[in-house]
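A quick write-up on the structure given underneath.
The values are calculated or read from the model by the stated rules, or taken from the named source; none is laboratory data. Because the structure is a prediction, the values reported are computed rather than measured. A quick note on method: Cβ atoms are made from the backbone with ideal geometry, for glycine too, and the neighbour counts reach across all protein chains shown.
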Amino acid sequence: MIAVLAVLLGGLAVACGSHHPPRPSAAAGGPWSGPRMRSASPFGTPGVQHTARPTLGAARVGAVFSDNGAGGHFCTASIVDSPGDSVILTAAHCVHAGRGGHESTDLVFVPGYRDGDAPYGEWSITHVVVDRRWVQHSDPDYDVAFADVATVHGRRVGDVFGGNTLGYDRGYRLRVQITGYPASTEQPITCGNETTKFSAGQLRIECAGFPGGTSGSPWVTDLNRETHTGTVIGVIGGYQAGGATPDVSYSPYFGAGVLALYRTAVRDEH
């Protein structure tokens, strides 16, 4: 994979142009078929995953690769808005093994990765911030990590794409969209549904077909179809490292602890 920032602006212009699905006609008759439902909703059929289109919003989500990009992709991360424009969000277990383990190194974030291409470049992860309760006890309620990424050709990742706003204490029932990268495929998938409360520290969602590799996938609510941004209120992770089956996923609840972690990451931005 080679960074191709020379075509960055052109790629984003194409993505913006293809973002809006067609509006359903008020005069249209007949049953609400699957295609018609998908055209009427940015989420598609609730709980059903499909391949994510190459939109600007999808470009903020990327695959995490090992071995400085030479290894396979094994997790997902996304850009979160920050003053220094260099912070991404993922699951803690993607970057730190937890109790008795250590921090992973030589990781690379590739936003918008698709079919072997890195259209917006490869961004090396330079610094990771995880909660001590994850490091010391592998506490699933703190399976969240923020990371700082290096510049590419003098540009910061947030300068290029912008980022989703971090949301916290938003409650347990929210309509969200999840986008992530299965380790077995070379394209991102996406799904929308409503979250429910699993425990005080965990959210739960039913979205079919989110296997290994989608850990760290952002849960985004309040999608703005004009700015293509939203508020991220979770990541696949937490209970059972995000879920023991691909059809049910979990996320740590984003409360005061996650907010404090984010503030630490912002303070440490380079």
Consider residue 234 against the criteria (1) in a strand (DSSP E or B); (2) out of contact with any strand residue (DSSP E or B) (no Cβ under 7 Å at 6 or more places or on another chain): it satisfies all of them except one. Which criterion is unmet?
(2)
Considering only residues that are touching an Asp or Glu at 6+ places or on another chain (Cβ under 7 Å), surrounded by fewer than 22 Cβ atoms within 10 Å (Cβ to Cβ) and of a type outside the set (Gly, Ala, Ser), look in region 152-165 and name the one that is modelled with the lowest pLDDT.
159
In this structure, is residue 238 touching a helix residue (DSSP H, G or I) at 6+ places or on another chain (Cβ under 6 Å) and on the phi > 0 side of the Ramachandran plot?
yes
Taking the condition part of a loop (DSSP other than H, G, I, E, B), more than 11 Å from the chain's Cα centre (by Cα) and among the β-branched types (Val, Ile, Thr), does residue 214 pass?
no
Scan of region 138-154 for residues that are within 16 Å of residue 201 (Cβ to Cβ) and assigned to a loop (DSSP other than H, G, I, E, B), ordered by number
138, 139, 143, 144
Checked 126, 190 against criteria (of a type outside the set (A, V, I, L, M), buried (at least 21 other Cβ atoms within 10 Å of the Cβ) and either assigned to a strand (DSSP E or B) or at negative phi (or both)); the one match is 190
If we ask which residues in region 217-241 are more than 13 Å from the chain's Cα centre (by Cα) and either modelled with pLDDT of 95 or more or within 22 Å of residue 96 (Cβ to Cβ) (or both), their number turns out to be 5
Quick check on residue 135: is it touching a Gly at 6+ places or on another chain (Cβ under 8 Å), in a helix (DSSP H, G or I) and modelled with pLDDT of 95 or more?
yes
